[in-house]
Structure formats: structure tokens, C-alpha cells
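Participant: Structure incoming, see below.
The values are calculated or read from the model by the stated rules, or taken from the named source; none is laboratory data. Owing to the predicted nature of the structure, the values given are computational and were not obtained by experimental measurement. Every residue, glycine as well, gets a Cβ built from its backbone with ideal geometry; the counts of neighbours run over all protein chains shown. When the accessible area is computed, the model is the full protein with side chains, heavy atoms only, and any ligands, DNA or RNA have been set aside. Shrake-Rupley method; radii C 1.70, N 1.55, O 1.52, S 1.80 Å.
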Amino acid sequence: MLDSVAPTVHSEACFKSVCVVKTALLRMSTMTDPYDTTGTLSLKWDPKNLEIRTMSVERTLEPLVLQVTTLVNSKDKAAKKKRPGKSKRASALVATVERATEIFIERGQTIAYENPEITQEMLAAVEQVRKAGAAMSLAAREFSEEPCASSVRSSMVRAARSLLSAVTRLLILADMVDVHLLLSKQRMVEKDLDKLKSASSQSELIESARQFGRSASELAAQAAKRQKELKEPRMKDELAAARAVLKKHSTMLLTASKVYVRHPELAAAKANRDFVLRAVCSAVDTISAVAQGRPTPNTGTNRVPVEGPGELAQALDDFDERMVMEPLAYSELRTRPSLEERLESIISGAALMADSSCTRDERRERIVAECNAVRQALQELLHEYMSNAGRAEQSEGLERALEHMCRKTRDLRRQLRKAVVDHVSDSFLETNVPLLVLMEAARNGNEKEVEEYAIVFTEHANKLVEVANLVCSMSNNEDGVKMVRHAAGQIEALCPQVINACRVLAARSRSRVAQENARAFGRAWESAVRLLTDAVDDLTTIDDFLAVSENHILEDVNKCVVALQEGDPDSLERTAGAIRGRAARVCSVVAQEMDNYEPCIYTKRVLEAVTVLRDQGTWTLYCVYTRDAPSNTFA
């Protein structure tokens, strides 16, 4: 809608002009709910409080702002020499501003008559622009006659601010037309959701789902347009997430609703339907809140924060920064307790990681050793600070202590990172197996096995989330941490619903709708796990991952050799499967890493090695096993 308002003159953008707009205009407004109790659009806005939320409003204002500010700051020296007190350039700028104002008025009137809901408010805004434009024109022409008179210049500045404010009100009101269109789509979706929720037969459900699909598609398209125009990154992210939920949950909403209508006696079926319905309704509410500039439902006080760097990585960075100071700034009473407290907090976090069930004994011992080494290095550093107290410059001993302290904190970081990668290598291995086993039990109609495998599946999901949180704790990549935490949240929310879908299938194993519902939730789970895996891989360095994976594969190879020597086929098969899984993960991670580089001889050789590992690795290991095994192993 704003594209039809924008004047065609002087399209050059100017950052300083935007700053002038932001300074000249009043800020921080909130638009109240635009619908009255009858559901009719009723625009309630304070014309004195303005906030530019979209880039289109800024882009449309920039030419006019540039012209007005150029006019205000114009000082035609040549004109002063030829004819004191006269500015030819200012006269031309006045005509340009007048033409731009006329275009705003004409197109504002067009929008007013095309949208009966806001005709009265729009025409009032147009009239304000007309009056402010006339006052600006008069003040500007007086200024062009007397550019050196300070009182005339002040009058024109006031008129310019009034014109910019009036035009901004007009543009924001025109932008509200787009908001109204988005909210009208949202109301349609809400009505279709109510119909779908109350459907009592399969035919009624199918028709309601068809209507919801159309209205949800229109809402998502309109929200995508709005997302491109928003200025605030957080609102853009929330709108994008809401659109993704609408797209991904549409199929599950249909299958879950079908199962509930067909088998209303099953509590798990109702839990599936209610879960998807809540997710879709929350996404619709988020779109509405973002469109109106209100806080979204996901920004409550009870929400787990997903933004910001990892806690342990941030604590280490903060400690590294605070331990370096001038000797004159050191205070035994303040500095020592502060640094010791911060270090103990870091060591507590490291101890939690070391005590985790997946942390290997060797890695745990190294973490404990590095924590003790960091403690000792800090005491040596504090001793050097005490020895240098009152000096203007650092002694050689203090410099050595600082270098030693930095080296020890780096060593601790390295061990913590490797511990995290240990967890990633062990936990993100054949992540689809627990789901496949659970699904197979459900398809066989074995409710007892479903309950048993549900416990395993839940433990698997909890482990993925735990490892994801550990990865976040040691990363400074805020965007990556946000993505991992978001993906982990999806895993937590989806896990019990996958189990419910399998319970429904186990109870009604011959039901076609139950089978479709289980497949839909299974696909959603696999998609969420892939998203989490990719997000975790982005936060772990390729060097750490390859080093740790190599050690793990070598350990497993040794276990296979021992199993062969002891004649333990079960252990051999289990460990060989782990090797295949680790090799597949290495191939996947390395291939993904190569996508970040331009194709060259280096990437070609790496991808060739990936192919060799994928195609020949298992056979090579088999040859090693048979060569080292005793002759009677397979007897």
C-alpha cells in the first residue's frame, strides 16, 4: 500500500535524513486491538505518538526528508555574491517539496476512497498534510528571499518538522491498511480453526481442513510480505517462526484431528490433536501480535531464554578479560575475592560437564587436572599482582604469570570443548533407531512393548536435549546458540506427542487414520532431529569433531578385535555398528563443511576421501578383523 503513496521524485536514500526523521518525530507508540467487540475494524491510534515499524515508511519518507533538510541547510554563496539575500537554489528546492507534497495528498486520497474502513481517518491525515504543506511552502519562499535571516530560518524549520510529522502520520495510517489486511486473514484462520475443532464427522472435518488450508496459505503469504518490511530483527524472526509452524503443522493437524474424530475414546488421540491445535493457535496469535506491535505470546516471563551466548563460554571470556589489569588497579580486598569467585563458578560448570554420564573417564580426569591447574595459576597470578602493587608498569614475573594463566584457561577450554564433542559423537549416532523400534512395536499392536520402548525413546530425547545444552554452554556464537536452543525446544515438545501417536496406533493398529497420524508425527520428529543435528554441527569445530571421532573409532576397533579374540559375536556386531555410524557421521559432517568452500583441488580430494570412507571403510575394517582374529574365531 505504501508503494502507491511514495512520490516519484528524488529516490536517493540518505542515512542522515532517516536520523532527522527519528529525531524530529515522537517515538514509541502501541496500536491497540483494531477490532471492536463486533469484529469490525476500528482503528484506535494516537496521532501524537508515532513509531516507524516498517522499512517502507522510512524509504518513502527519505526523498522528502532529503529535500526538506537540503532546503533548511542550503547556503548558496554564489547567490549571495550576485544578489545579497537571494537564493536561487532554495527556490528550486521549494518547488520540488511542493510537488512531492501534492503527490502524497493525491495518493492519500486514493487510498482513503479505496478503503471505506479508514476513509475518515485517512482524509483527516491528508488534510493535515495539505495544511502543513501550505505552511511549509509559505515559510520556504520567505526563506528563499531572506536566507540569512535567522528568524525566517527558524520559522521554516518549524514548518518542516510539522510537514514531516503530518506525512509520517499519513504513511503510518496507510501502513495500517496492510496491517488490517493481514489481521483480516488472521480472523479467517481463527474461524476456520474453530470449525475444525468442533467437527464431529470425517466429511465435516475434511471440508473444514480444506478451508483452513486455503486461509492459512493466504495468511502465511501476507505475513511473508509483512516480514520483509519489518525493521526489528526480533519481530522478523518471530514472524518467520510462526509461518514455519503454520506450514509444518498443517498435515499433523489434519491427521491428529482425523484420529480424534474416529477414536474419541483414546486420551492419546485427544492429546495429539490438542498439541497441534495449540501450536497453530499460538502461531496465529504471534502473527497478530507482531502485526500490531504488541508483545508476542512467546515472550512471557516464564519462557526459557534462547538468546545470548553460552553461559560457560561467556564466564570464561569475562574471567579472561577481568584478570588482566594494571598493577595500580589491583586491590587485595576487592580483586582477589572477585576473581576467585568467578573461577569457582567456572569450575562448578566444568564439574557438571565432567560428571555427566557420557563423559569418558579419561576426559573427566583431564578436566579435573586442568581445573586444578587453573586454580594454581590464579594464585600465582594474584601473588605477582601483590608483589607489583603500587607500580606503574608490570614486572617480568607478572607478565609470565599472565601468560601462564591465559595458557591454562585455553587448556581448560580445549578439554571442555572436547568433552562436548565426546557427547555429540556418542549421542548423535543413529538417532533414528529409537523411533524405528517404537514405531515397529506400535504397528504390531503391542501396547506393552510400546510403553517399554517409550521409556527408551524419552531417555534418547532427553539425552539429545542435554547434549545440545552442553554444546550451547561452550559456544560464543549467539545466532548458532539460539538455533540450537530453538531446535532442542522442538524436540522436548514433540517427544511425548510421538509417543502418544504410537499409543494410538498400538491400540488401533488396523486403523488407517492412526497409521497416517503416526507417520506424520514420525516425519516431524525426524525433521526436528535433523534440524538439531545440523544446528549442533554448526557450533562444533570440524577439527575437534574429527579428532574426537578418530579416537572413538580407534577405541571401537580395539573393542572389535577383543570381541573377535573372545568369540563374542554380539559385542562384535554392536561395536561394528557403532563404527559404521561414526563413519557415516564423519562423512556427513565433512561433506557439509566442504559446502562452505569454493570447489578446488582441496575440496575434490577431501570429497574423494569421504567416498572411500563411506564405500570401503566397512570392508577394510572386516579385513583387519579377519587378519588379526584367531583361526578358530568363526568356527
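Participant: What is the calculated FRET efficiency for Ala267 to Ala351, with r their C-beta to C-beta distance and R₀ = 51 Å, to the nearest 0.05? Please report the intermediate quantities before stating the final value.
Facilitator: On the way: r = 42 Å, r/R0 = 0.82.
Approximately 0.75, to the nearest 0.05.
Participant: Among Phe545, Gly567, Gly581, whose Cα lies farthest out toward the positive end of the dipole of the range 498-587, if unit charges sit on the beta carbon of Lys, Arg (+1) and Asp, Glu (-1)?
Facilitator: Gly581
Participant: Which part of the range 435-465 falls in the paramagnetic zone of Arg510, meaning amide N under 12 Å from the point 7 Å along Cα-to-beta-carbon?
Facilitator: none
Participant: Please report, as a whole percent, how much of the solvent-accessible surface of the range 204-320 comes from carbon and sulfur atoms (probe radius 1.4 Å).
Facilitator: Details: 2920 of 5330 Å².
Whole-percent figure for carbon plus sulfur exposure: 55.
Participant: Also: Of Val290, Ala373, Gly349, which is farthest on the positive side of the dipole of the range 245-397, counting Cα position, with +1 on Lys and Arg Cβ, -1 on Asp and Glu Cβ, and the Cα centre as origin?
Facilitator: Val290
Participant: Collect residues whose amide H, placed 1.01 Å from N in the peptide plane, falls under 5 Å from the amide H of Leu230; neighbours closer than 5 in sequence don't count.
Facilitator: It is Met55, by chain and number.
Participant: Which net charge results when you count Lys and Arg as +1 and Asp and Glu as -1 among the other residues whose beta-carbon is under 13 Å from that of Gln592? Please report the intermediate quantities before stating the final value.
Facilitator: Details: positive: Arg530, Arg585; negative: Asp534, Asp537, Asp538, Glu593, Asp595.
Every neighbour counted, the sum reads -3.
Participant: Separate question: Given +1 on the Cβ of Lys and Arg, -1 on the Cβ of Asp and Glu, and no further charges, what dipole in debye does the range 234-381 carry about its Cα centre, rounded to the nearest 20? Can you show the working numbers first?
Facilitator: Working: 21 positive and 22 negative charges, 297 e Å.
With Lys and Arg at +1 and Asp and Glu at -1, about 1420 debye.
Participant: Sticking with this one: If the chain between Gln109 and Tyr602 were fully stretched, how many nm would it gain, using 0.36 nm times the residue separation less the Cα-Cα distance? Each step should come with its number before you reach the end.
Facilitator: Details: separation 493, 0.36 × 493 = 177.48 nm, distance 6.28 nm.
Net length gain for the segment: 171.2 nm.
Participant: By average Cβ neighbour count within 10 Å, what is the ranking of 267-276, 161-170, 432-441 from highest down?
Facilitator: On the way: 267-276: 21.1, 161-170: 23.1, 432-441: 18.1.
The densest-packed peptide leads the list: 161-170, 267-276, 432-441.
Participant: Quick one: 3J(HN,Hα) in Hz for the range 310-321, Karplus 6.51/-1.76/1.60 with θ = phi - 60°, rounded, Gly and Pro as x.
Facilitator: With the stated coefficients, the range 310-321 comes to x, 5, 5, 5, 5, 5, 5, 4, 5, 5, 4, 6 Hz.
Participant: Right, next: For Ala329 and Ala124, calculate 0.36 nm times their separation in residues minus their Cα-Cα distance, and state this gained length in nm to one decimal. Walk me through the numbers before you get to the answer.
Facilitator: On the way: separation 205, 0.36 × 205 = 73.80 nm, distance 6.30 nm.
Net length gain for the segment: 67.5 nm.
Participant: Sticking with this structure for a sec: Provide the solvent-accessible area of Met235, counting protein heavy atoms only and rolling a 1.4 Å probe, rounded to the nearest 10 Å².
Facilitator: So the heavy atoms of Met235 present about 20 Å² to solvent.
Participant: At 4 °C and 1.567 mPa s, what whole-number value in µm²/s does Stokes-Einstein give for the translational diffusion of the range 84-242, with Rh from the Kirkwood sum over Cα pairs? All intermediate terms of the calculation are to be shown ahead of the outcome.
Facilitator: Numbers: Rh = 19.3 Å.
Roughly 67 µm²/s, to the nearest whole number.
Participant: Near Gln211, within a Cβ-to-Cβ distance under 15 Å, what is the net charge of the other residues, with Lys and Arg +1 and Asp and Glu -1?
Facilitator: Numbers: positive: Lys185, Arg187, Lys191, Lys195, Lys197, Arg210, Arg214; negative: Glu190, Asp192, Asp194, Glu204, Glu207, Glu218.
Within the 15 Å Cβ shell, the charges total +1.
Participant: Same structure again: Compare Lys247, Lys604, Lys448 by solvent-accessible area with a 1.4 Å probe and give them largest first, with all protein chains kept in place.
Facilitator: Numbers: Lys247 165, Lys604 115, Lys448 145 Å².
Largest to smallest exposure gives the sequence Lys247, Lys448, Lys604.
Participant: While we're here: Placing unit charges on C-beta atoms (Lys and Arg positive, Asp and Glu negative, everything else neutral), compute the dipole magnitude of the range 125-190 about its Cα centre in debye, rounded to 20. Intermediate values should be presented prior to the final figure.
Facilitator: Working: 9 positive and 7 negative charges, 20 e Å.
Dipole of the range 125-190, to the nearest 20 debye: 100 debye.
Participant: Also: Expressed in nm to one decimal, what extension gain is obtained for the pair Cys148 and Val437 from 0.36 nm per residue of sequence separation less their Cα-Cα distance?
Facilitator: Working: separation 289, 0.36 × 289 = 104.04 nm, distance 8.57 nm.
Result: 95.5 nm gained on full extension.
Participant: Continuing with this model, one more query. For the range 385-456, what is the charge dipole size about the Cα centre, in debye to the nearest 20, if Lys and Arg each add +1 at the Cβ and Asp and Glu each add -1 at the Cβ?
Facilitator: 600 debye
Participant: May I pose another question? Estimate the FRET efficiency between Arg407 and Asp543 by the formula 1/(1 + (r/R0)^6), using the beta-carbon distance for r and 25 Å for R0, to the nearest 0.05.
Facilitator: Values: r = 19 Å, r/R0 = 0.75.
That gives a FRET efficiency of 0.85.
Participant: Can you list the aspartates and glutamates whose alpha carbon sits under 18 Å from that of Lys197, skipping same-chain ones fewer than 8 residues off?
Facilitator: Once the sequence-local aspartates and glutamates are set aside, what remains near Lys197 is Glu207, Glu265, Asp274, Asp285.
Participant: Same structure, new question: Can you give the convex hull volume of the alpha carbon atoms of the range 98-166 per residue, in Å³? Don't skip to the end; give the middle numbers.
Facilitator: Working: hull volume 4.2 nm³, N = 69.
In the range 98-166, the Cα convex hull volume per residue is 61 Å³.
Participant: Between Asn476 and Lys228, what is the spin-label point distance in nm, taking each point 7 Å from the Cα along the Cα→C-beta axis?
Facilitator: 3.7 nm
Participant: If ligands, DNA and RNA are left out, what is the accessible area of Tyr597 with a 1.4 Å probe, given in Å² to the nearest 10?
Facilitator: Accessible area, nearest 10 Å²: 110 Å².
Participant: Show me 315-322, 248-255 ranked by packing, highest mean number of other Cβ atoms within 10 Å first. Walk me through the numbers before you get to the answer.
Facilitator: On the way: 315-322: 15.5, 248-255: 21.2.
Highest to lowest by the protection proxy: 248-255, 315-322.
Participant: Among the listed pairs Lys131/Lys225; Lys231/Lys463; Lys191/Lys225; Lys258/Lys482; Lys448/Lys559, which have their C-alpha atoms separated by more than 28 angstrom in this model? Please list the in-between numbers first.
Facilitator: On the way: Lys131/Lys225 33 Å; Lys231/Lys463 38 Å; Lys191/Lys225 22 Å; Lys258/Lys482 35 Å; Lys448/Lys559 34 Å.
Violating the 28 Å Cα-Cα cut-off are Lys131/Lys225; Lys231/Lys463; Lys258/Lys482; Lys448/Lys559.
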